[in-house]
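Working notes, beginning with the structure itself.
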Amino acid sequence: MALFTLPDAMLFLQGRDLWHWAAWLVLLYLLFKVTTLYLMWRDLDTAYRPFPGPLRHWLYGNAREFLQIGKDLDLIYQWSRSHVYGFPLWLGNFFASLIITHPDYAKAVFARQDPKDDTAYRFIIPWIGEGLLVSSGQKWFQHRRLLTSGFHYDVLKPYVTLMADCTKIMLDKWERLIPDENPVELFHHVSLMTLDSIMKCAFSYESNCQTDSENSYIKAVYELSYLVDHRFRNFMYHSDFIYNLSPSGFRFRRALKVAHEHTDKVIKQRKELLKNEKELDRIRQRRHLDFLDILLCAKDENGHGLSDKDLRAEVDTFMFEGHDTTASGISWILYALAKHPEHQERCREEIKSVLGDRDTVEWDDLGKIPYTTMCIKESLRLYPPVPGVARKLSKPITFFDGRSLPEGARVILSIYCINRSPSYWKDPEVFDPLRFSAENSSDRHPHAFLPFAAGSRNCIGQNFAMNEMKVAVAHVLRRFKLIPDPENEPQKIPQIVLRSVNGIHLKLEKIGKDYEKKTLGAERT
């Protein structure tokens, strides 16, 4: 008896044909993907070939060198000493950026209006939306023009008193910690202070965040900053599908919910207040509005205000940018002064001579502390709060030395390396505030010092930030002597802003009458 009839045999052969064709389709698909990846690699390799860089692994590129958290900036700076204008950084074989480390190259990029690199910034968009930091084109231009008035001289002037009040709350907390005789981790305290300050200044909101034992928003910001950086470093997590299913994705959404609830609460309170016609008339009669009033009262040519989505994006952006970058700047400035007590003391004496018996810094005082200002700038040079910014070229670019990059190429302007470029800074790793004296600054390259970036997309809040740094430093030095903790040196890490893996720890010594008498006696001697 036959095992197969003729129809059975035909079906069997047809089945084999189906598997045969399926195998061919899979093979063709794989061939297509391999070809696509090869062409992608070839285009990247061709684009960055004119720029020599550090040796890279055939598969991982330079990615493995960045597995040691806290070594990123030092490694990039080390490479920049061998490649003074810039070098390509490869993360795998299909993602590369030109790391720009020289003021002349930076000048060429900042003179353009290229958009932010979507790869570098897209992971932060769920948090801060498409506000001024990441938007581009006409939307960015309209919002930038709208918000510039929120940082007018007359708006910033009364903020100084609010900044001083917030700083004093922080210093009162420090005084209660001194009896423990343990080093104080500054970054957390300073973050709460700068959040308190931006809430009072830009949003007219009393958060009481410095006196709350648990501040969920600050914790959420720390978590989000870490997770955004962690996701960028791990290519597996660049896929939204994979990331959303991962434990990190769950943590991100949980922190995101906390941050957005905080923002929504601030907006809701102000909207309720503006329903009062008297309050609305009072705001409209002011010559200059604060940041949130500008957003809520803004109208386009058709009489339409900002959408709820755009409103929250700008509030989220400035709530984060307005406190976290400044907190980074202040924390590293205090660390730098602790490491260099001779400069710390000179700043303290300058501040005392200006304030006299007054215990609060005022607007007019900010221009009378030039040496303190130079120390702040020198710290911003060595420890820029934003270590780098990324752009995606909207058209080809040719640098002064004839080397070019095509449209679509990615560049990262390493502010950290540019601020330390040996081409423009003698002994770049030495803390020397006199670099910023008038005679030493007059002929310096305009793009050699970029703590607030440059060009049309420079930091809109840089005057606000500089004022707050001056106020904070003045009040801290008037009340405390800063002493480094040699057993806990900070380890720099770029998590959106410049942080330390292990925090920034300093010993604090209260300055009282005995200290002032001792100092005065030493001066007379």
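Place the peptides 493-499, 318-324, 251-257 in order of packing, highest mean first, counting for every residue the other Cβ atoms within 10 Å and averaging per peptide.
In descending order of packing, they fall as 318-324, 493-499, 251-257.
For the peptides 31-40, 229-238, 198-207, 307-316, what is the packing order when you average, over each peptide's residues, the other Cβ atoms within 10 Å and list the highest mean first? Don't skip to the end; give the middle numbers.
Values: 31-40: 10.7, 229-238: 15.9, 198-207: 21.1, 307-316: 18.6.
Averaged packing, sorted descending, gives the order 198-207, 307-316, 229-238, 31-40.
List the aspartates and glutamates whose Cα lies under 19 Å from the Cα of Lys33, skipping any in the same chain that are fewer than 8 positions away.
Filter leaves Asp43, Asp45.
Lys507's amide H: which non-local residues (gap 5+, or another chain) put their own amide H closer than 5 Å, with H modeled 1.01 Å from N in plane and none for Pro or chain starts?
Under 5 Å from the amide H of Lys507 lie the amide H atoms of Val184, Ile483, Asp485, each far enough along the sequence or on another chain.
Of Ser97, Pro247, Ala338, which is farthest on the positive side of the dipole of the chain, counting Cα position, with +1 on Lys and Arg Cβ, -1 on Asp and Glu Cβ, and the Cα centre as origin?
The listed residue farthest towards the positive side: Ser97.
Of Leu227, Ser204, Pro54, which is farthest towards the positive pole of the chain's charge dipole, taken about the Cα centre with +1 and -1 on the beta-carbons of Lys, Arg and Asp, Glu respectively?
Checking the options against the dipole of the chain, the answer is Pro54.
Using the Cα centre of region 42-524 as the reference point, and only Cβ charges (+1 on K/R, -1 on D/E), how large is the resulting charge dipole? Debye, rounded to the nearest 20. Don't skip to the answer; put the middle values down first.
On the way: 68 positive and 65 negative charges, 167 e Å.
Rounded to the nearest 20 debye, it is 800 debye.
Nearest 10 degrees, 0 to 90: what angle lies between the long axis of helix 72-82 and the longest principal axis of the chain (Cα atoms)?
80 degrees
Sequence neighbours fewer than 8 away in the same chain don't count; with that in mind, list the lysines whose C-alpha is under 17 Å from Lys507.
Excluding near neighbours in sequence, the set is Lys173, Lys339, Lys481.
Work from the charge dipole of the chain (Cβ charges, +1 for Lys and Arg, -1 for Asp and Glu, about the Cα centre) and give the residue of Ala448, Pro384, Gly137 farthest towards its positive end.
About the Cα centre, the residue reaching furthest to the positive side is Gly137.
Give the long-range amide H neighbours of Phe480: residues separated by 5 or more places, or on another chain, with amide H under 5 Å away, using H modelled in the peptide plane at 1.01 Å from N.
Here the answer is Ile511, since their amide H atoms fall under 5 Å of that of Phe480.
Per residue of the chain, what 222 nm ellipticity follows from adding -39500 (n - 2.57) for every DSSP H run with n ≥ 4, rounded to the nearest 500? Each step should come with its number before you reach the end.
Working: 21 runs with 288 residues, N = 525.
My calculation for the chain gives -17500 deg cm²/dmol from helical runs alone.
Only one of the values (i) 166; (ii) 214; (iii) 232 was calculated from this structure for volume of the Cα convex hull per residue in Å³; name its label.
Among (i) 166; (ii) 214; (iii) 232, the one derived from this structure is (iii).
Using modelled amide H (1.01 Å from N, peptide plane; none on Pro or chain starts), what sits under 5 Å from the amide H of Ser394, excluding residues fewer than 5 places away?
Under 5 Å from the amide H of Ser394: Gly408.
Using the Karplus equation 6.51 cos²θ - 1.76 cosθ + 1.60 (θ = phi - 60°), what ³J(HN,Hα) coupling, rounded to whole Hz, does each residue of region 49-54 give in order, writing x for Gly and Pro?
These are the phi-based 3J(HN,Hα) values: 4, x, 10, x, x, x Hz.
If the reach is capped at under 22 angstrom between alpha carbons, list the lysines near Lys271, excluding any in the same chain fewer than eight residues apart.
Cross-link targets: Lys200, Lys257, Lys299, Lys309.
Could you order peptides 426-437, 170-181 by the average number of other Cβ atoms within 10 Å of their residues, highest first? Mind dumping the intermediate values first?
Working: 426-437: 14.9, 170-181: 12.9.
Output ranking for 426-437, 170-181: 426-437, 170-181.
Using every alpha carbon pair in region 387-454, what percent of pairs falls into each 10 Å bin from 0 up to the bin containing the largest distance?
Pairs per bin, as whole percents: 17, 41, 28, 13, 0.
Hey, what's the Cα Rg ratio for region 23-95 versus the globular rule of thumb, 2.2 N^0.38 Å?
Working: Rg = 15.9 Å, N = 73, 2.2 N^0.38 = 11.2 Å.
The value comes to 1.41.
Does anyone have the angle between helix 308-339 and the longest principal axis of the chain? Alpha-carbon axes, 0 to 90°, nearest 10?
For 308-339 against the chain, the angle is about 60 degrees.
Enumerate the calculated ³J(HN,Hα) couplings along region 112-125 in order (Karplus 6.51 cos²θ - 1.76 cosθ + 1.60, θ = phi - 60°), each rounded to whole Hz, writing x wherever the residue is Gly or Pro.
9, 10, 5, x, 4, 5, 5, 5, 6, 9, 5, 6, 9, 4
With angles folded into 0 to 90 degrees, how steeply does helix 159-177 sit against the dominant principal axis of the chain? Use alpha carbons for both and round to 10.
90 degrees
Taking just the alpha carbons, could you work out the radius of gyration and Dmax for region 56-102, both in angstroms?
Final numbers for Rg and Dmax: 10.5, 29 Å.
Every read-out reported here was derived from the displayed coordinates using simple, explicitly stated rules and does not represent laboratory data. Everything quoted here is computed from the prediction, not taken from an experiment. Cβ coordinates were reconstructed from backbone atoms using ideal geometry, including for glycine residues, and neighbour counts include every protein chain displayed.
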